[in-house]
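Values in this text are rule-based calculations from the coordinates and carry no lab data. None of the values given here were measured: they were computed from a predicted structure. Positions of Cβ are backbone-derived with ideal geometry, glycine not excepted, and every protein chain shown enters the neighbour counts.
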Amino acid sequence: MSRIGKKTVPVPNGVQVTIDGQTVLVKGPKGQLSWTVAEEIEIRQEDGELVLAKKVETTRAQSMWGLSRTLVSNMVVGVTDGYERTLELVGVGYRAAMKGDMLSMQLGFSHDVEIKAPEGVAFATPKQTEVKISGIDK
């Protein structure tokens, strides 16, 4: 039995949530995210909180209930605080540097590995052996 689905999702000040059928749109200071909730799940906004409930009692509805609540909660956190991960390169000669908007890494190959940041994701290299990845979508 899902205990996660029973929890409500608090909506902080400065965050606007729009529910259009099964589609949830969350706008905040860092941007906006949208997601379509499964058909078995009902979502509504009550007193500054989002409440998710099962429409039917099936195994799939039970599974999607907790998942939907977690994904909507991640959207709210993403548009308010954002997410950031720090990766450390460990190895002799391993380095990372920014070349414009491309992340260029020397990882022991005969060539540099270059990665373009996907839309909504930002790379930063505070040190040669450290890469910070940040964005609003987990």
Original post:
What does the helix-only formula give at 222 nm for the chain: each DSSP H stretch with n ≥ 4 adding -39500 (n - 2.57), the total divided by the residues, and the result rounded to the nearest 500 deg cm²/dmol?
Top reply: -5500 deg cm²/dmol
**OP:** Taking every pair of alpha-carbon atoms in segment 39-98, give the share separated by more than 18 Å as a whole percent.
**Re:** 56 percent
**OP:** Distance check, please: which entries in Lys7/Lys54; Lys6/Lys138; Lys27/Lys138; Lys55/Lys138; Lys30/Lys55; Lys7/Lys138 exceed 24 angstrom between their Cα atoms?
**Re:** Lys55/Lys138; Lys30/Lys55
Original post:
Most exposed first by the Cβ proxy, i.e. fewest other Cβ within 10 Å, how do Thr59, Thr70, Thr18 rank?
Top reply: Thr59, Thr18, Thr70
Subject >> Ellipsoid equivalent to the chain - semi-axes via the Cα gyration tensor, in Å >> reply: 38, 17, 12
**OP:** Over every pair of different alpha-carbon atoms in segment 84-135, take the mean of 1/r and invert it; report that Kirkwood radius in Å.
**Re:** 11.2 Å
Subject >> segment 9-81: C-alpha gyration tensor shape, a/c 1.5 cut-off, then a/b vs b/c >> reply: prolate
